[in-house]
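Participant: Okay, handing you the structure first.
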Amino acid sequence: MMRKPLTRVAARNRGRSDQDAPSRVLQDLGRTVRELRRKRQMTLKRLADASGLSERFLSALEAGRGNISVARLVSLAHALGTRPGDLLGDALQQPSGSQLIALLGLRGAGKTSVGEALARRLELPFFELDRLIEAEAGMQLAEIFAFHGEAYFRRLELEVLERFLAQHRRAVLATGGGVVTSPEAFRLLSDRTRTVWLQATPEEHWKRVVGQGDFRPMQNRPHAMAELRRRLREREPLYSRAEIVCSTSDRPVSVVASELAHRLAS
C-alpha cells in the first residue's frame, strides 16, 4: 500500500518532532536522576563526590541541559546504585497513547468544573493536584501552609507532581493556582502535558469562589479584590505561556469543555 504524501504542516511537525527528540531524552534523563537522588536522600554535592562529576554539571543534567557521555553515565549510575540502562529506560521509551492535559489558572477559573466535563468528553480520568497533595500530607492545604509554610508546600507539590506524571499517561489534571510560580513544576507541566490556561476576569473569579460558599477571600481583608487583581496581573505572563488559552468568563461549562476538546484534537 502506498503511503499518502505528507502535507506541508505534517512534514514540518514531524521534522520538529525529530529535532526535539534528543532534548526530550535529556529532560527525561535529568528527571530520572533527580528523582533517584532525592529518593536516596543525596545532595548534589554528595552525588558529585560519589560520581566524580561536578555539581554544576549535575545541576545542568537534572535540568535537562547536560549532554552526558557514556563513561560519565556509567559513573553516575554506579553512584546512584543503579545501571546505566535503568537511567535511560524511561528516557528512551516513547509514550504510547499519552494524553495528559493540565489546567492552569487562579481559584475560580473553572478548573474543577471544566476539568470534570472535559475528562468525560475525552473519556479520561480527572484529578486535582491540590487534593493529591492533601492526601500525601494528611492535612488540608490551609493547615499545610499554617504549620509548614509555602516553601514546604512547593517542595511537596513538586514531589507529588513528579510521581503523578510518572504514573499516568492519560488524564486531565487541575493544578493549583500558584503552580506556575514554581519553575521546576511549571517546566514539568510544559514538558509532559498539554497546558491550558482557563482565563477569567477578576470579577468572575470572585463570584465563583463566593458562589461555592467560600468567604475566606474577604475575611478581615478590606482590599481583597485589589489583591486578587494584583495577583492575576502578576501571574498573567506565566499563565500566558500555556499552549492553549481559553476564556471561561460568562460561558457555560459545557461550551468551554466542547471548545477545548476540539482544540486539543486539532
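Participant: Filter region 38-62 down to the residues that are touching a residue at least 40 places away in the same chain (Cβ under 8 Å) and under 20 Å from the mean Cα position of the chain (by Cα) and list them by number. Can you show your working first?
Facilitator: Here is the first cut: in region 38-62, the ones touching a residue at least 40 places away in the same chain (Cβ under 8 Å) are 38, 40.
Result: 38, single match.
Participant: Quick one: residue 87 ticks every box in (1) over 19 Å from the mean Cα position of the chain (by Cα); (2) at pLDDT 90 or above bar one, so which box is it?
Facilitator: (2)
Participant: So, of the residues in region 55-70 that are among the aliphatic types (A, V, I, L, M) and in a helix (DSSP H, G or I), which turns out to be modelled with the lowest pLDDT? I'd like the intermediate steps shown before the answer.
Facilitator: Here is the first cut: in region 55-70, the ones among the aliphatic types (A, V, I, L, M) are 58, 60-61, 63, 68, 70.
Add one more test, that the residue is in a helix (DSSP H, G or I), and what stays is 58, 60-61, 70.
Numbers: 58: 92, 60: 89, 61: 89, 70: 85.
Filtering region 55-70 for residues that are among the aliphatic types (A, V, I, L, M) and in a helix (DSSP H, G or I), the one modelled with the lowest pLDDT comes out as 70.
Participant: Return the residue satisfying two criteria in turn: it lies in region 91-129 and is modelled with pLDDT of 90 or more and in contact with a Gly (Cβ under 7 Å, 6 or more places away or on another chain), and of such residues it is farthest from residue 232 (Cα to Cα).
Facilitator: 126
Participant: Quick one: in region 147-198, of everything that is β-branched (Val, Ile, Thr) and surrounded by 19 or more Cβ atoms within 10 Å (Cβ to Cβ), which residue is nearest to residue 28 (Cα to Cα)?
Facilitator: The selected residue is 193.
Participant: Counting residues that are hydrophobic (A, V, I, L, M, F, W, C) and either without any contact (Cβ under 8 Å) to a residue 12 or more places away in the chain or farther than 30 Å from residue 53 by Cα (or both), which helices (runs of 4 or more DSSP H) fully inside region 71-187 reach at least 3?
Facilitator: Numbers: elements: 84-92, 111-122, 129-137, 141-148, 150-167.
It comes to 111-122, 129-137, 141-148.
Participant: Determine which member of the set 38, 16, 34, 46 is loosely packed, with under 12 Cβ neighbours inside 10 Å, out of contact with any Cys (no Cβ under 8 Å at 6 or more places or on another chain) and either modelled with pLDDT of 80 or more or not hydrophobic (A, V, I, L, M, F, W, C) (or both).
Facilitator: 16
The values are calculated or read from the model by the stated rules, or taken from the named source; none is laboratory data. Small disclaimer: the values here were computed from a predicted structure and weren't measured. Here the Cβ is made from the backbone with ideal geometry for all residues, glycine too, and neighbour counts use every protein chain on show.
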